[in-house]
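**Q** After the structure tokens below, expect a handful of questions from me.
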Amino acid sequence: MPFYEHVFIARQDLSQAQVDALAETVTNVIGEYKGQVHKTETWGLKQLAYKIQKNRKGHYVMLSAEVSGEAIAEIERQAAINEDIIRWMTIKVDELEKGPSVMMRKQERRGGRGERGGRDRDGEE
């Protein structure tokens with residue numbers, strides 16, 4: 001079966017439990033089509049480049065899966081119906097990335113949320 005990466009953005013006013021439930025729904029659809037989810041990453045609440053359906057922020061979630069094209073069509077159909085998902089994108093990849101994605105590595109390198117490293121108040125390292 002081919003490999004896919006599916007990223008969706010959920011509305012900003014949802015709780016983390018509701019976002020996790022949306023990811024679980026996608027996982028269940030993949031399971032129904034005899035596919036396998038290899039990795040689920042929640043990237044958190046991030047600022048959008050522009051307003052989408054009156055939202056300035058969105059919860060980002062990425063799923064890496066090995067699944068058939070029919071399952072992807074069903075996932076995208078359900079995303080179009082669901083009012084809580086404001087954008088989604090599915091990409092077919094040659095192989096799944098081992099370890100954390102680039103977005104997760106960027107958060108680790110930054111040392112958490114909003115922390116600026118490297119210099120103290122005097123400008124010295």
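What follows is calculated from the coordinates using simple rules that are stated; it is not laboratory data. Fair warning: this is a prediction, and the values are worked out from it, not measured in the lab. Quick reminder, even Gly has a Cβ in these numbers, built from the backbone with ideal geometry, and neighbours come from all protein chains shown.
**Q** Helix check for the chain. Which DSSP H runs span at least 20 Å along their own axis by Cα, with a mean Kyte-Doolittle hydropathy no less than 0.0? Write down the numbers at each step before the final one.
**A** Details: long enough: 16-32 (24 Å, 0.21).
Within the chain the helices that satisfy the rule are 16-32.
**Q** Here is a further query. Give me log10 I(q)/I(0) at q = 0.12, 0.14 Å⁻¹ for region 3-110, Debye formula, one equal scatterer per alpha-carbon, no solvent.
**A** -0.39, -0.54
**Q** Let me ask something additional. Within region 39-82, which trypsin sites (Lys or Arg not before Pro) sit in a loop by DSSP and count at most 15 neighbouring Cβ atoms inside 10 Å? Kindly include the intermediate steps, with their values, before the conclusion.
**A** Values: sites: Lys39, Lys46, Lys51, Lys54, Arg56, Lys57, Arg77; in loops: Lys54.
Qualifying residues, ordered by number: Lys54.
**Q** Among Val67, Val26, Val7, flag the residue with its Cα farthest along the positive direction of the charge dipole of the chain, charges on Cβ as +1 for Lys/Arg and -1 for Asp/Glu.
**A** Positive-end residue among those listed: Val7.
**Q** Which lysines have a Cα less than 19 Å from the Cα of Lys39, not counting those fewer than 8 places away in the same chain?
**A** Cα-Cα hits under 19 Å: Lys92, Lys98, Lys106.
**Q** If one computes the Cα centroid of region 49-107 and of region 5-43, what distance in Å separates the two points?
**A** 8 Å
**Q** Could you list Ser15, Ser64 in order of exposure, starting from the residue whose Cβ has the fewest other Cβ atoms within 10 Å?
**A** Working: Ser15 9, Ser64 19.
Ordered from fewest to most neighbouring Cβ atoms within 10 Å, Ser15, Ser64 come out as Ser15, Ser64.
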